[in-house]
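These notes concern the structure reproduced below.
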Protein chains: 2
Amino acid sequence: MAAATSAAWAQRLAGVRGLLLDVSGVLYDGGEGGGAPIPGSVEAVARIKQSGLKLRFCTNESQKSRDKFVGLLQRLGFDILVNEVTSPAPAACRILKERGLRPYLLVHDDLRSEFDGMDTSNPNCIIIADAAEGFSYQNLNKAFQVLINLENPVLISLGKGRYYKESDGLMLDVGPYMKALEYACDVQAEVVGKPAPEFFQAALKEMGLEAHETIMIGDDIVNDVGGAQRCGMRAMQVRTGKFRCGPFCHLGKREESP
Amino acid sequence: MAAATSAAWAQRLAGVRGLLLDVSGVLYDGGEGGGAPIPGSVEAVARIKQSGLKLRFCTNESQKSRDKFVGLLQRLGFDILVNEVTSPAPAACRILKERGLRPYLLVHDDLRSEFDGMDTSNPNCIIIADAAEGFSYQNLNKAFQVLINLENPVLISLGKGRYYKESDGLMLDVGPYMKALEYACDVQAEVVGKPAPEFFQAALKEMGLEAHETIMIGDDIVNDVGGAQRCGMRAMQVRTGKFRCGPFCHLGKREESP
């Protein structure tokens, strides 16, 4: 950052009318007692809102329903409302309805309310999300047994993140468990959420902006930065959250793509 | 089988001096109370031994030490001794010693004795095996945290099977969890056990036979049949264990390669 001149920053920000912010690792780190804001982030959200820029919170959070997630962030001091959040569960519900799918839910108990009203009898697909401690051998095996016995196996994954940072260290995200089921059943998961183009396009539609008018800000080089760039958006990687220095880190370079 | 003429069988068996038998799904199915022999298998082992053919039990079993595994099979009625078994744990121990590796063991408690005497302090590699219920989120996450913080990450997997059959259904094997760690840490596991050529070559050496003099018999088309064939052995797939009918099953064809 220190090396960037104000002229370079003016060029980076030219024509920007809206920001898309990842949440975990960018605004807060989860952990004991719900986690803690990353220093300066509560104030940054407030300043963005005052600036007149449009703002959308774009998260692959799938451990909690949007209500619970936003409630947590409000308690941490953030100015955030449920209708400002784009997350994968509602998109998954739309797919289930459109295709007449009845899910077996391998998800965290705190996410289940997002699927209220869905027919889960005699399941013909698997929904996998960040179940955390819910990823017991027994639970993963049950999902596997359902999936391998389907004539047309459908595996829908809410994101494919490798891991995220909590206050007591890096934690496995849904992606590794998605890969486990893919390998066990020789299927390819359908990923709902970042980095899927549909996710970013939905957020842009909700903001009423074109891709070139926005910047995505996240801590994940693949799911945040890469996904947004493939949709024609600009993107930046923060150095908080799961950010890890690459081989050129000592030279002061960031693993970002402004 | 019914379609095979005795002439075809004579050709298949020409020059055969030894058999390599997979165990789980071929001789017995695991499950409640240790599992049960597959009908006819106790007698088949006895007849093979009486026939003068050399016999080697070639298993990727990694939920139990060889002592415990052989004890279980003896109680089920099989004529089997520890020194007739080729399994991946001893091969993994040789690798650890040769390369000065100190393992973090993500393995079943019943397998730990195979690694007695190994230095597990300050681990610089992961050994993953079929931990079954031991594959809790907490345990997999601990292995992940060790692996991702290694400068030169080494992941050694005892087999890479997708699943196996127990009396109450198909169960996830070590392979899906190996894939989960590979994806989480962007590493490639080193597989010890079937289908690695070193595994079959070790078994052949223990039998004192050449590849062309043997037949591998298993229920896994990749790990048993494919692995053995790549070493120049003949191989057959049984219809017990995890065998599942393919698209031509109704025509009476087997997914084997005699």
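Exactly one residue out of B:Leu140, B:Leu209 is of a type in the set (A, V, I, L, M) and assigned to a helix (DSSP H, G or I), and it is B:Leu140. Of all residues in region A:168-190, those being closer than 19 Å to B:Gly175 by Cα and either crowded, with 24+ Cβ neighbours inside 10 Å or in contact with a Leu (Cβ under 9 Å, 6 or more places away or on another chain) (or both) number 15. Can you confirm whether A:Val107 is among the hydrophobic types (A, V, I, L, M, F, W, C), surrounded by 18 or more Cβ atoms within 10 Å (Cβ to Cβ) and touching a helix residue (DSSP H, G or I) at 6+ places or on another chain (Cβ under 6 Å)? No; evaluated as a whole, the condition is false for this residue.
Taken over region A:72-95, the criterion of being modelled with pLDDT of 95 or more, charged (D, E, K, R) and not in a loop (DSSP other than H, G, I, E, B) is satisfied by A:Arg75, A:Glu84. For residues that are hydrophobic (A, V, I, L, M, F, W, C), more than 12 Å from chain B (Cβ to nearest Cβ) and in contact with a Leu (Cβ under 9 Å, 6 or more places away or on another chain), scanning just region A:146-167, find the one that is surrounded by the fewest Cβ atoms within 10 Å (Cβ to Cβ). Applying the filter and picking the extreme gives A:Val154.
In region B:45-68, how many residues are open to solvent by less than 20 Å² (accessible area, probe 1.4 Å), touching a Ser or Thr at 6+ places or on another chain (Cβ under 9 Å) and farther than 20 Å from B:Ala202 by Cα? Adding up the residues that qualify gives 0. Being under 18 Å from B:Gln237 (Cβ atoms) and among the acidic types (Asp, Glu) is the filter here; which residues of region B:2-54 pass it? The answer is B:Asp22, B:Asp29. The requirement of being facing another protein chain (nearest Cβ under 10 Å), touching a residue at least 24 places away in the same chain (Cβ under 8 Å) and touching a Lys or Arg at 6+ places or on another chain (Cβ under 7 Å) is fulfilled somewhere in region A:183-205, by at least one residue. Against the numbered list (1) in a loop (DSSP other than H, G, I, E, B); (2) under 27 Å from B:Leu140 (Cα atoms); (3) touching a strand residue (DSSP E or B) at 6+ places or on another chain (Cβ under 6 Å), A:Asn60 comes up short only at (3). Among the conditions (1) of a type outside the set (A, V, I, L, M); (2) away from every other protein chain (no Cβ under 12 Å); (3) out of contact with any Asp or Glu (no Cβ under 6 Å at 6 or more places or on another chain), A:Gly218 misses just one, which is (3).
To keep it simple, each residue is scored yes or no on (1) more than 14 Å from every other protein chain (Cβ to nearest Cβ); (2) at pLDDT below 95; (3) open to solvent by 40 Å² or more (accessible area, probe 1.4 Å); (4) under 30 Å from B:Ala129 (Cβ atoms).
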position: A:Val70; (1), (2), (3), (4): yes, no, no, no
position: A:Lys97; (1), (2), (3), (4): yes, no, yes, no
position: A:Asp116; (1), (2), (3), (4): yes, no, yes, no
position: A:Ile128; (1), (2), (3), (4): no, no, no, yes
position: A:Gln138; (1), (2), (3), (4): no, no, yes, yes
position: A:Lys142; (1), (2), (3), (4): no, no, yes, yes
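Of everything in region A:244-258, what is of a type in the set (Lys, Arg) and modelled with pLDDT of 55 or more? Give them in sequence order. Passing the criteria: only A:Arg244.
Is there a residue in region B:229-239 that is within 13 Å of the chain's Cα centre (by Cα) and in contact (Cβ under 8 Å) with a residue 12 or more places away in the chain? No, that holds for no residue.
When we screen A:Gly232, A:Gly241, A:Gly218, A:Gly208 for residues that are within 22 Å of A:Gly40 (Cα to Cα), at pLDDT 95 or above and either surrounded by 17 or more Cβ atoms within 10 Å (Cβ to Cβ) or of a type outside the set (A, V, I, L, M, F, W, C) (or both), the only hit is A:Gly218. Residues that are touching a residue at least 40 places away in the same chain (Cβ under 8 Å), of a type in the set (Lys, Arg) and closer than 19 Å to B:Gly218 by Cβ within region B:30-73 comprise B:Lys54, B:Arg56, B:Lys64, B:Arg66, listed in sequence order. Annotation note: of B:Val82, B:Val42, B:Val23, the sole residue that is among the β-branched types (Val, Ile, Thr), open to solvent by less than 30 Å² (accessible area, probe 1.4 Å) and in contact with a Phe, Trp or Tyr (Cβ under 9 Å, 6 or more places away or on another chain) is B:Val23. Each residue in region B:191-205 was checked for being assigned to a loop (DSSP other than H, G, I, E, B) and open to solvent by less than 10 Å² (accessible area, probe 1.4 Å), and 2 of them qualify. Listed conditions (1) touching a residue at least 12 places away in the same chain (Cβ under 8 Å); (2) farther than 21 Å from A:Asn223 by Cα are all met by A:Tyr137, apart from (1). Scan region B:168-178 and tell me whether some residue there is at positive phi and either over 19 Å from the mean Cα position of the chain (by Cα) or more than 8 Å from chain A (Cβ to nearest Cβ) (or both). No, region B:168-178 contains no residue that is at positive phi and either over 19 Å from the mean Cα position of the chain (by Cα) or more than 8 Å from chain A (Cβ to nearest Cβ) (or both).
The values are calculated or read from the model by the stated rules, or taken from the named source; none is laboratory data. Predicted, not measured: the structure shown is a model, and the values here were computed from it. Neighbour counts are summed over all protein chains in view; Cβ atoms, including those assigned to glycine, are modelled from backbone coordinates with ideal geometry. Heavy atoms of the whole protein, side chains included, go into the accessibility calculation; ligands, DNA and RNA do not. Shrake-Rupley method; radii C 1.70, N 1.55, O 1.52, S 1.80 Å.
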